[in-house]
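Attaching a single structure in structure tokens format; questions to follow.
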Amino acid sequence: MPSLILAQGQGSSGFDYVQTAAIIFTAVGVIVAMTQIRRDTQSSRQARQADLSWSMYLAYVDPAIRKARGTAETLAHSPQCPRDAQEYHETVADGSPWTNIIDNSQDADLRRLLRFYNQLSILLSKDLIDEDFVFGLIGAGLISVWPVLSPAVSYYEHYFPHSTQPEWHEEPRLIYHEVADLHGRCVTWNEKRRARL
């Protein structure tokens, strides 16, 4: 009888080893598969980042955006640069850009640039493009034109279209609001880069 119990114990012990080995091999297989999936996901994410970064570069050097950057640069460093939304309204704004767009006006150029920077900020906040690439390319230009972009953003946030002309509203609407975030991130990135040099 004792020999039978011993035999049963030895048999189940051998079965336990096989079961344990199978569990270990399965776990290793799952880890390898997860690592490969993570690597593939990271590769596809990097490829998507590279594609979007290249598209952003092409948009940045597009003639319309280059013209808009030139307009912003000229205004930002001139005595006519508006200091706030009210001055932007009085000196730069088209007045009725929602119905009567003057495509070659300073305001049209600045709106074009604001749309570009706003979309760029959204891509950055979703980590869809590389921050070092973006700010290495556009950083100095964005900081340079900020004196005119800031009142432009404020104007479009607070002046709403009405039947005759835009009117001031205290509660801002969320338009171009990502541009200020982009500028803030750019300034921080620039300070860190200078600290590393």
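Restricting to the range 111-128, and then to whatever is of a type in the set (A, V, I, L, M) and under 11 Å from the mean Cα position of the chain (by Cα), can you tell me which residue is nearest to Glu73 (Cα to Cα)? Before the answer, list the steps.
Let us first name the residues in the range 111-128 that are of a type in the set (A, V, I, L, M), namely 113-114, 120, 122-124, 128.
Checking which are under 11 Å from the mean Cα position of the chain (by Cα) leaves us with 120, 122-124, 128.
Working: Leu120: 19, Ile122: 23, Leu123: 24, Leu124: 23, Leu128: 28 Å.
For the range 111-128, the residue satisfying everything is Leu120.
Looking at (1) over 26 Å from Thr188 (Cβ atoms); (2) of a type outside the set (A, V, I, L, M); (3) open to solvent by 50 Å² or more (accessible area, probe 1.4 Å); (4) assigned to a helix (DSSP H, G or I), find the lone condition where Asp103 falls short.
Looking at each condition in turn, Asp103 falls short on (4).
Mind telling me which of the residues Ser144, Ser150 ends up being within 25 Å of the chain's Cα centre (by Cα), in a helix (DSSP H, G or I), within 22 Å of Ser53 (Cβ to Cβ) and among the hydroxyl-bearing types (Ser, Thr, Tyr)? Full working, then the answer.
On the way: Ser150 fails: within 22 Å of Ser53 (Cβ to Cβ).
Criteria check complete, one pass: Ser144.
State which residue is nearest to Ser150 (Cα to Cα) when the search covers only the range 181-197 and only residues that are open to solvent by 50 Å² or more (accessible area, probe 1.4 Å) and modelled with pLDDT of 90 or more. Spell out how you get there, then give the answer.
Within the range 181-197, the subset open to solvent by 50 Å² or more (accessible area, probe 1.4 Å) is 181, 185, 188, 191-197.
Remaining after also requiring modelled with pLDDT of 90 or more: 181, 185, 188, 191.
Numbers: Asp181: 11, Arg185: 15, Thr188: 17, Glu191: 20 Å.
Restricting to residues being open to solvent by 50 Å² or more (accessible area, probe 1.4 Å) and modelled with pLDDT of 90 or more, the top hit is Asp181.
With the checklist (1) open to solvent by less than 50 Å² (accessible area, probe 1.4 Å); (2) in contact (Cβ under 8 Å) with a residue 24 or more places away in the chain in hand, flag the one item Gly29 doesn't pass.
Answer for Gly29: the failing condition is (2).
For Tyr17, indicate whether it is part of a helix (DSSP H, G or I), farther than 30 Å from Val134 by Cα and modelled with pLDDT of 70 or more. Give the steps one after another, and end with the answer.
Working: part of a helix (DSSP H, G or I): yes; farther than 30 Å from Val134 by Cα: yes; modelled with pLDDT of 70 or more: yes.
Taking the combined requirement at face value, the residue satisfies it.
Looking at the range 125-134, can you tell me whether even one residue there is in a helix (DSSP H, G or I), within 30 Å of Ser43 (Cα to Cα) and of a type in the set (Lys, Arg)? Explain how you work it out, then say what you get.
Going through the range 125-134, the residues in a helix (DSSP H, G or I) turn out to be 125, 131-134.
Those still in the list that are within 30 Å of Ser43 (Cα to Cα) too: 125, 131-134.
Checking which are of a type in the set (Lys, Arg) leaves us with none.
No: the range 125-134 contains no residue that is in a helix (DSSP H, G or I), within 30 Å of Ser43 (Cα to Cα) and of a type in the set (Lys, Arg).
Kindly provide the set of residues from the range 53-75 that are among the basic types (Lys, Arg) and open to solvent by less than 70 Å² (accessible area, probe 1.4 Å), ordered by number.
Quick first cut of the range 53-75, residues among the basic types (Lys, Arg) only: 66-67, 69.
Result: Arg69, single match.
Could you tell me whether any residue of the range 157-167 is without any contact (Cβ under 8 Å) to a residue 40 or more places away in the chain, polar (S, T, N, Q) and loosely packed, with under 15 Cβ neighbours inside 10 Å?
Step one: of the range 157-167, the residues without any contact (Cβ under 8 Å) to a residue 40 or more places away in the chain are 160, 162-164, 167.
Filter once more, so that each one left must be polar (S, T, N, Q): 163-164.
Those still in the list that are loosely packed, with under 15 Cβ neighbours inside 10 Å too: 163-164.
Scanning the range 157-167, I find at least one residue that is without any contact (Cβ under 8 Å) to a residue 40 or more places away in the chain, polar (S, T, N, Q) and loosely packed, with under 15 Cβ neighbours inside 10 Å, so the answer is yes.
For Leu174, indicate whether it is open to solvent by less than 60 Å² (accessible area, probe 1.4 Å), over 21 Å from Thr74 (Cα atoms) and not in a helix (DSSP H, G or I). Spell out the reasoning first.
Numbers: open to solvent by less than 60 Å² (accessible area, probe 1.4 Å): no; over 21 Å from Thr74 (Cα atoms): yes; not in a helix (DSSP H, G or I): yes.
For Leu174, the condition - open to solvent by less than 60 Å² (accessible area, probe 1.4 Å), over 21 Å from Thr74 (Cα atoms) and not in a helix (DSSP H, G or I) - is not met.
While we're looking at this one, here's another question. Residue check: is Arg83 assigned to a helix (DSSP H, G or I) and charged (D, E, K, R)?
On the way: assigned to a helix (DSSP H, G or I): no; charged (D, E, K, R): yes.
Taking the combined requirement at face value, the residue does not satisfy it.
The values are calculated or read from the model by the stated rules, or taken from the named source; none is laboratory data. Predicted, not measured: the structure shown is a model, and the values here were computed from it. Cβ atoms come from the backbone with ideal geometry, glycine included; neighbour counts cover every protein chain shown. Keep in mind that these areas ignore ligands, DNA and RNA; they rest on the heavy atoms of the full protein, side chains included. Shrake-Rupley method; radii C 1.70, N 1.55, O 1.52, S 1.80 Å.
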